[in-house]
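The structure under discussion appears below in the form of structure tokens.
The values are calculated or read from the model by the stated rules, or taken from the named source; none is laboratory data. Worth saying up front: this structure is predicted, and the values here are computed from it rather than measured. Every residue, glycine among them, receives a Cβ derived from its backbone with ideal geometry; neighbour counts consider all protein chains shown. Only protein heavy atoms, including side chains, enter the accessible area calculation; ligands, DNA and RNA are left aside. Shrake-Rupley method; radii C 1.70, N 1.55, O 1.52, S 1.80 Å.
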Amino acid sequence: MTTKRSLKKDDKAVSPVIAVIMLIAITVIIAAVVAAFAYGIIGGVKKAPSAALIVENARAGETNITVVHHGGDPIIDAFGTSPSWSFRYQGKECILGEDNAKLNGGDLPTTNTPFKPGDELVIDIIAASGSTGAFSSGESITIVYMTGDVLQRLYIS
């Protein structure tokens, strides 16, 4: 007596149980990556410091401004070989140097130094930007952090 066995053909590639387990695993992995970014475990984007900067003497007829750090976060590496911020006069980059800027009454530091609460920076913006003459009403001065965030923008009055 010969019995003929027939095998049932199964077209499913993965059983539903395996598919559910894989979906749960993928969800857990995605949640772990999102949490790592949220808690700063994985390197994130630098953000601009929250600093209270007051700019004095920005009026027509002047050439210098005084930037005073009244409080908040220090601006890390504000001075030195690659400063973390820049000054723009009428959209033109200002190059700060010992001949056109003074920090707390002395020369600018040549090493990476922060601009911290209580510090005062006096800048001859006209000399630093290579412009001529004095400020005119309506002109702009912008202080920009390396991330592109504007720390302070003012218009000459």
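Who wins for biggest fluctuation among ILE65, ILE125, ILE30 in a Gaussian network model of the chain, springs between alpha carbons below 10 Å? In the Gaussian network model the winner is ILE30. May I ask you to derive the relative contact order of the chain, considering only C-alpha pairs under 8 Å and at least 6 residues apart, and to give it as an integer percent? Computed value for the chain: 23 percent relative contact order.
A Gaussian network model of the chain, with springs between Cα atoms under 10 Å, assigns the largest mean-square fluctuation among ALA38, ALA19, ALA60 to ALA19.
Please give the net charge around LEU53, taking every other residue with its beta carbon less than 13 angstrom from that of LEU53, where Lys and Arg add +1 and Asp and Glu add -1. Mind showing how you got there, number by number?
Working: positive: LYS116, ARG153; negative: GLU56, ASP73, ASP119, GLU120, ASP149.
Net local charge, LEU53 excluded: -3.
Helix 16-38 and the long axis of the chain differ in direction by around 10°, with both axes built from C-alpha atoms.
Restricting attention to the chain, lysine pairs at least eight places apart or on different chains and with alpha-carbon atoms under 22 angstrom apart total 4.
For ASP107, the solvent-accessible surface computed with a 1.4 Å probe is close to 100 Å², ligands and nucleic acids excluded.
Considering every alpha-carbon pair of the chain, the percent of pairs per 5 Å bin, from zero through the bin containing the longest distance, is 2, 8, 13, 16, 13, 8, 5, 4, 4, 4, 4, 3, 3, 3, 3, 2, 2, 2, 1, 1, 1, 0, 0, 0. Positive contributions from Lys and Arg (+1) and negative ones from Asp and Glu (-1), summed over other residues with Cβ under 13 Å from the Cβ of HIS69, come out at -3.
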